[in-house]
Each structure stands twice: as C-alpha cells, then as structure tokens.
Amino acid sequence: LFPDLILFGATIMPELPDVELERRYFERTALSEPIAKTKLVEPALLYHTAAQSLYQNLTHHHFTGGRRHGKYLFARLDNDRWLVLHFGMTGSLACFECAGCQPDYTALLLEFDNDKCLAYLSQRKLGKIGIVTSPETLIEERDLGPDALAISSDAFKTRITQGAGGIKSWLMNQSHLAGIGNIYGDEILFQAKLHPRCAVKQLSEADIARLDDKRRHVLELAIDRTADPQQLPRTWLLPHREQKHIDCPRCGGAIRKTKINGRTTLYCPACQHEQA
Ligand SMILES: [Zn+2]
C-alpha cells in the first residue's frame, strides 16, 4: 500500500545527501495541489510554532517550491510562509494515493485536493515541524553555518583556516558547516586521508585543498547514487560500515573504531595520518 516508504526508510541519521533527496522527492510529489486537510499527529515535534498556526498556514494553501539548507528542508507556501522539516533520526517523506490512510510513524499528514497524501514520518519522534517566515530566520536562530555543498571552495578554505579543534568535530559542527554528520564526516576524511582527530590548525594548504575536493565529491556522488551505500563505489568506506570487521578498501589493513562526540568514528590508521 505504501511502496514509497521503502525508498527512504533505511536512513538512520539523515545527513545532507539524504535530505537533498527528500527535497527532490518533495518537489516531484507535493507542489501546486491545494492542501485539503492537515493532521498533526505528533504535536511534540512542533518547533517554535503553535498547532493552530500550523493548521492555518497549511490548510487551503499549496506548496510552490522547496529548499534545503544543511539537514533542513524548507517547503515554500503560497502565503509567503515556509514549512520547515528536520528529519531527526529515521525521518522521511512518503507520498501515496489513499485518502484517509495513515502510515505507521506518521507525524504530520497532508491530504491534497486530488486525494494524494504526503506524510512526514518520524519513527523515533526526534524530528522538527514548524512554520517560519523565511529559511534565513531559522538559519540564524539555529546558528547554522553555510550549506556544506553550496559553499564555494574559497569560502570553505577561509572558514577552515579560522577553525580550531579536531577535524571530525569541526566538520560535524553545524555552525561551522551545515549538513555533514557522522557517516559522511568519516567518508570525507577517509578519502582526504586525514585522521579524524587531526588538529584543524595543523592542516597544510594541500590538506585543506584535498578536504575541499573530497567534501564536494563525496556529497555530490552520494546524492547521485540516491545515498544508498550499496550503490556507492566499493573503494569507499561507506558500503562496508555495517560489517563487524572492516578491511580498509584502500590498503587492506584493519579499520579502527573510536568515539568522537559520542559517535562511532571509523578510520584507517595506515591511510589516515594525524599530520601531513
Ligand atoms: Zn588503509
């Protein structure tokens, strides 16, 4: 009944590529048609918005476009407001034709005039739903840095040159750069051959150039391959993450696990050096 649910259901912690795919999915399925009915199933997910305001801004209005910044999806409405969605853990969108149906884990359900429905699913109930006057308002409120994919190479280099602390923490901090989380942080560092605890201050110009190059490459290719680990190159770390013992796809040595910011960090001690 809900074939689309399988499409994006596998992502545990959505990062930039996952949310970009949600944005594209949203734009393919939800634009133009007036919203006939709004049902907020999980009011606990409301972000700086009263339920009444959510209903008023959605019902009898329609979406005119989508935008993504980091891990946030913004859906523009015809009344100059934006519906903002953050996917938290295991969040996703599902469009289906079945008026009156409500898939499991639905947090917000929109029924359009043509009987199509759009559900925002949140299995762990850790997402956010809100109405904002502009994406910029939320970006400022949440102190989000530039989008990790949209940022230019020059701006990225300037930002990281002013940074401090360990490189993995730096990359994952949403106020430095918005969109990179644990899994893509590991992948970018693996491909840039940088140790996750490498001090940002110690990075050479060549390190930074490699990092910038891999940031773009990893995010772009991941989006291109629908963020499905099994469709990503076998030379990447990502398709092997779920295995108990991982051999480095580059040198064949053992991949090591450590904790950074409470998250399991994977790296190859042979390929990824602390300092150049
Ligand atoms: Zn290696």
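The values are calculated or read from the model by the stated rules, or taken from the named source; none is laboratory data. What you are looking at is a predicted structure, and each value in this text was computed from that prediction instead of being measured. Glycine gets a Cβ as well: all are built from the backbone with ideal geometry, and neighbour counts include every protein chain shown.
For this structure, a couple of remarks:
- Extreme residue, farthest from residue 170 (Cα to Cα), among residues of region 248-273 that are loosely packed, with under 15 Cβ neighbours inside 10 Å and touching a helix residue (DSSP H, G or I) at 6+ places or on another chain (Cβ under 8 Å): 264
- The single residue among 234, 225, 215 that is within 15 Å of the ligand (Cβ to nearest atom) and under 25 Å from the mean Cα position of the chain (by Cα) turns out to be 234.
- Pairs are defined by a Cβ separation below 9 Å, a sequence spacing of at least 6 or placement on different chains, a first member in region 4-21 that is at pLDDT 95 or above, and a second member that is surrounded by fewer than 24 Cβ atoms within 10 Å (Cβ to Cβ) and basic (Lys, Arg); the pairs so defined are 16/68; 17/225; 19/68; 20/68.
- Count of residues meeting criterion [more than 22 Å from residue 32 (Cβ to Cβ), touching a helix residue (DSSP H, G or I) at 6+ places or on another chain (Cβ under 8 Å) and without any contact (Cβ under 8 Å) to a residue 24 or more places away in the chain] in region 48-80: 1
- Tally of residues being over 18 Å from residue 123 (Cβ atoms) and out of contact with any helix residue (DSSP H, G or I) (no Cβ under 8 Å at 6 or more places or on another chain) across region 81-104: 4
- Residues (surrounded by fewer than 19 Cβ atoms within 10 Å (Cβ to Cβ) and over 21 Å from residue 61 (Cα atoms)) located in region 103-136: 103, 104, 123, 124, 125, 126, 136
- Residue, nearest to residue 192 (Cα to Cα), within region 249-276, restricted to residues that are without any contact (Cβ under 8 Å) to a residue 60 or more places away in the chain and away from the ligand (no atom under 11 Å from the Cβ): 257
- Given (1) under 16 Å from the mean Cα position of the chain (by Cα); (2) within 30 Å of residue 55 (Cα to Cα), number of the condition residue 133 does not satisfy: (1)
- Test: residue in region 191-200 that is under 20 Å from residue 158 (Cβ atoms) and surrounded by fewer than 19 Cβ atoms within 10 Å (Cβ to Cβ): yes
- Only listed residue being of a type in the set (D, E, K, R), more than 19 Å from residue 222 (Cβ to Cβ) and either crowded, with 20+ Cβ neighbours inside 10 Å or free of Cβ contacts under 8 Å to residues at least 40 places away in the same chain (or both), chosen from 140, 187: 140
- Of the residues making up region 183-214, those that are of a type in the set (Ser, Thr, Tyr) and more than 21 Å from residue 263 (Cβ to Cβ) number 1.
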